[in-house]
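The next block holds one structure in the form of structure tokens; read it before the comments.
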Amino acid sequence: MNIALILAGGTGTRLGNDIPKQYIKVNNKMIISYCFETFFVSEEIDAIWIVADSNWYDVICGDVQAIDKNKGKFKGFCEPGANRQLSILNGLEAVKAYYSGRTDEIKVMIHDAARPLLTEALIKKCFDASKGHDGVMPVIPVKDTIYVSDNGKTISGLLDRNKLFAGQAPEVFDFNKYYNACIKLLPDDILMINGSTEPAIKAGLDIAICEGDENNYKITTKADLERFETYLNI
């Protein structure tokens, strides 16, 4: 069984808007709704949970009901945690409780609501690439030369960009192995986690990579938002 966990609990403060970025409307549709549409029509996804602040439940439900069309994929909400990884853990706990711990055959796909240009092709590619591995992360090769500075003032060295990749979402994990990797980081280490795959790497899980999508960027800044608006109106 393949489950999607959509993260929509962020505040999006870097955009400077009055509302979190995932709820900003572009072409009369919330940013979060663009990835909703992809997940709900995907044949790869069996069930969906959404991590979001309860103040947004009614708004989200309006869009979900219009998109889900009685297929019943949407299973519920989870409250966000103190940081991104605790929000993920809240979602994992909800899935675990729903299936009464019978999660041996579950793969969980974690995605950011602020990545609206997710495609069905990338969803399938991630699940296909996860076969025989504990998880998979889509990546984009780093194009620029990366320099190292030990003091922040002068160049100390450089990294081989042929070995460097920028990670994207959605990431896929074996549910039980990933859940246990997160639990091991409690109570303090989990607060230092920035990326979904970090707990898996720290736990020594076998994480494959697959080709990501340049258009699958995360809307973080005003420039990102303008890029998305331009893309939709070409």
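Computed from the coordinates by the stated procedures, all read-outs in this text should not be read as laboratory data. From a predicted model like this one, the values you see are computed outputs, not experimental measurements. Cβ placement follows ideal geometry from the backbone for every residue including glycine, while neighbour counts extend to all protein chains displayed.
Structure notes:
- Each residue, GLU79 and ALA121, gets one label point 7 Å from its Cα in the Cβ direction; the gap between the two is 4.2 nm.
- The stretch 2-232 - percent relative contact order, Cα under 8 Å, separation 6 or more: 24 percent
- For the chain, the fraction of C-alpha pairs farther apart than 21 angstrom is 58 percent.
- Among beta bridges from DSSP that stay inside the chain, the antiparallel ones total about 40%.
- Straightening the chain between ASP150 and THR220 buys 22.5 nm, computed as 0.36 nm per residue apart minus the Cα-Cα spacing.
- 15 Å cut-off, amide nitrogen to a point 7 angstrom out along LYS71 Cα→Cβ, residues in the stretch 26-49: 33-49
- If R0 is 35 Å, the Cβ-Cβ spacing of GLU105 and ARG161 corresponds to a FRET efficiency of close to 0.35.
- Ranked by the mean number of other Cβ atoms within 10 Å of their residues, highest first, the peptides 144-151, 188-195 fall in the order 188-195, 144-151.
- Label-to-label distance, LYS177 versus SER54, with points set 7 angstrom from Cα along the beta-carbon direction: 3.6 nm.
- Ordering of 73-85, 102-114 by packing [mean C-beta count within 10 Å, highest first]: 102-114, 73-85
- In terms of distances greater than 18 angstrom between alpha carbons, the cross-link table entries LYS73/LYS96; LYS177/LYS202; LYS177/LYS218; LYS96/LYS177 yield LYS177/LYS218.
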